[in-house]
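Input: a single structure, listed below in structure tokens.
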Amino acid sequence: MTKRVGVIGGGQLAWMMAEAATKLDIELVIQTPKPDDPAVSIAAHTIVAPVNDATATAQLAAHCEVITFENEFIDLEALTQLENQGVPFYPRLASIAPLLDKYYQRAYLQNLGLPTPKFIALDDHPNPNTLDPFGFPVVVKARRLSYDGHGTTIVNTPAELPSSLTPHPSFFLLEEFIPFDRELAVMAARSRSGEVITYPVVETQQKNQVCHRVIVTNDLSASVVKQVETIARTLLHHLDFVGIMGIEFFLTRDGNVLVNETAPRTHNSGHYSLDACMTSQFEQQLRAVCQLPLGDSGLTCAGAVMVNLLGFENVESDYLKKRQQLTQIPRSHVYWYGKSESRIGRKLGHLTILLETGQRQEAIDMAEQVETIWYGTGNRE
Ligand code: ADP
């Protein structure tokens, strides 16, 4: 019998659930603020309302058997009342509660003994000008509602610090700058019965704090892969997490892994799984929350590279010509999220190219080819 899954958030992450939903005979009911958000076109029904509108979520609940998330900028307290009345959220709200504020998330990870950068909250330090706990550079992060690098500032000198703490220091956490060798990420899913499945450990490449590329090759050492997988399993187990989670890491120059942050849902670093894995991250999320057996997360190819197609100008355009060029790259899969308005840095689409050799250099060469088409030579920001 067709099952109905409610999804809080109707951006590209919900839009990309469509294929898996059809395969699993699931209808998606979406709560999203705008009628032209990407996932509205694939939804069986849409509740047009902000993601933090719990009254709208009560309506959503009336249309579906289970609710999951593509966006965690929710009103946790109000949703908890619904959960107490019997609305089934997966992941459960208690599993995501420790993750919504970056300071509490770091503290939770630290309490579990998981490695993170050193950090402090600024509430107890009314005069940030006197702060120099880690030396400079230092990283200032908005504790809540930040994404795609909005809310993260690398501060190089004490003089720059006060202006980065506007409107109020208590909105931010301060952490040591990690001179990482690489950034890594992993997707991990956990079923209601406690089975955990991890995806391949990937490298992510950021510019100005925004993810540009995800590289899926087999050049990471067994020790690094083991550290990542152990952290993922420990975290999902302790949260009693049901669903899928993205976890981002710093790999230090001496081969140690530190957790940067977690996302209790599908994630940009897992988009490659749509084309390169036996089971995509979107199918895995639906499987986990609908009590279906988890799928095989293994690769179907030697490796892959995913390149985000980010806005580089403020215009209305569907970039059809550039997209056609990208489609012609062998073994490429282009996804266009259907956003009518381009803004600088906005995620408009992505493409994944399946690799022939699975070598890191092949991935980098392919990404450069894509970025030259997309941004034009010498215009890569
Ligand atoms: P967001 O939640 O907006 O993605 P992140 O906390 O992941 O923000 O930071 C975005 C990027 O900023 C990271 O991918 C990394 O490149 C850089 N960054 C964040 N924290 C640190 C840190 N402590 N040391 C060095 N670079 C960092």
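The values are calculated or read from the model by the stated rules, or taken from the named source; none is laboratory data. This is a predicted model, so every value here is computed, not measured. Glycine also receives a Cβ, built like all others from the backbone with ideal geometry; neighbour counts cover every protein chain displayed. Calculation scope for accessible area: heavy atoms of the full protein, side chains included, ligands and nucleic acids excluded. Shrake-Rupley method; radii C 1.70, N 1.55, O 1.52, S 1.80 Å.
Name the residues in the stretch 72-97 that are outside any helix (DSSP H, G or I) and closer than 17 Å to Val7 by Cβ, would you?
In the first step, residues of the stretch 72-97 are kept if they are outside any helix (DSSP H, G or I); the result is 72-75, 85-92.
Within the stretch 72-97, Glu72, Phe73, Ile74, Asp75, Val87, Pro88, Phe89, Tyr90, Pro91, Arg92 qualify.
Okay, residues lined up against (1) in contact with a Pro (Cβ under 6 Å, 6 or more places away or on another chain); (2) open to solvent by 30 Å² or more (accessible area, probe 1.4 Å); (3) closer than 26 Å to Asp36 by Cβ:
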residue: Asp296; (1), (2), (3): no, yes, no
residue: Thr300; (1), (2), (3): no, yes, no
residue: Gly311; (1), (2), (3): no, no, yes
residue: Tyr335; (1), (2), (3): no, yes, yes
residue: Gly349; (1), (2), (3): no, no, yes
residue: Thr352; (1), (2), (3): no, no, yes
residue: Ala363; (1), (2), (3): no, no, no
residue: Glu368; (1), (2), (3): no, yes, no
residue: Trp374; (1), (2), (3): no, no, yes
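Kindly provide the set of residues from the stretch 206-230 that are farther than 12 Å from Ala304 by Cα and in contact (Cβ under 8 Å) with a residue 60 or more places away in the chain, ordered by number.
Keep residues of the stretch 206-230 that are farther than 12 Å from Ala304 by Cα, which gives 206-212, 219-230.
Selection gives Lys207, Asn208, Gln209, Val210, Cys211, His212, Asp219.
For the stretch 248-283, the set of residues classified as part of a strand (DSSP E or B) and within 11 Å of the ligand (Cβ to nearest atom) consists of Glu248, Phe249, Phe250, Leu258, Val259, Asn260, Glu261, Thr262, Ala263, listed by residue number.
Hey, which of the strands (runs of 3 or more DSSP E) in the stretch 172-224, taking only ones fully inside, have at least 1 residues that are buried (at least 17 other Cβ atoms within 10 Å of the Cβ) and within 16 Å of the ligand (Cβ to nearest atom)?
Working: elements: 172-176, 182-190, 196-198, 202-207, 210-216.
Of the strands (runs of 3 or more DSSP E) lying wholly inside the stretch 172-224, those with at least 1 residues that are buried (at least 17 other Cβ atoms within 10 Å of the Cβ) and within 16 Å of the ligand (Cβ to nearest atom) span 172-176, 182-190, 202-207, 210-216.
Consider only pairs whose beta carbons are under 6 Å apart and that are at least six residues apart or on different chains; among these, list those whose first residue lies in the stretch 137-152 and is of a type in the set (Ser, Thr, Tyr) and whose second residue is near the ligand (Cβ under 6 Å from one of its atoms). What qualifies is Thr152/Lys141; Thr152/Gln209. If the condition is being in a strand (DSSP E or B) and either open to solvent by 50 Å² or more (accessible area, probe 1.4 Å) or within 22 Å of Ile42 (Cα to Cα) (or both), then the stretch 313-333 contributes Val315, Glu316, His333. Any residue that is within 14 Å of the ligand (Cβ to nearest atom), without any contact (Cβ under 8 Å) to a residue 40 or more places away in the chain, open to solvent by less than 30 Å² (accessible area, probe 1.4 Å) and touching a strand residue (DSSP E or B) at 6+ places or on another chain (Cβ under 6 Å) - is there at least one of those in the stretch 92-112? No, the stretch 92-112 contains no residue that is within 14 Å of the ligand (Cβ to nearest atom), without any contact (Cβ under 8 Å) to a residue 40 or more places away in the chain, open to solvent by less than 30 Å² (accessible area, probe 1.4 Å) and touching a strand residue (DSSP E or B) at 6+ places or on another chain (Cβ under 6 Å).
Name the one entry in Ala18, Ala58 that is farther than 19 Å from Gln281 by Cα, of a type in the set (Gly, Ala, Ser) and at pLDDT 95 or above. Residue meeting the stated conditions: Ala58.
Among the residues of the stretch 139-155, is any of a type in the set (D, E, K, R), in a strand (DSSP E or B), within 16 Å of the ligand (Cβ to nearest atom) and within 19 Å of Leu114 (Cβ to Cβ)? Please lay out each step first, then the result.
Quick first cut of the stretch 139-155, residues of a type in the set (D, E, K, R) only: 141, 143-144, 148.
If we keep only those that are in a strand (DSSP E or B) as well, we get 141.
Subset that is within 16 Å of the ligand (Cβ to nearest atom): 141.
Still in the running and within 19 Å of Leu114 (Cβ to Cβ): 141.
Yes, the stretch 139-155 has at least one match.
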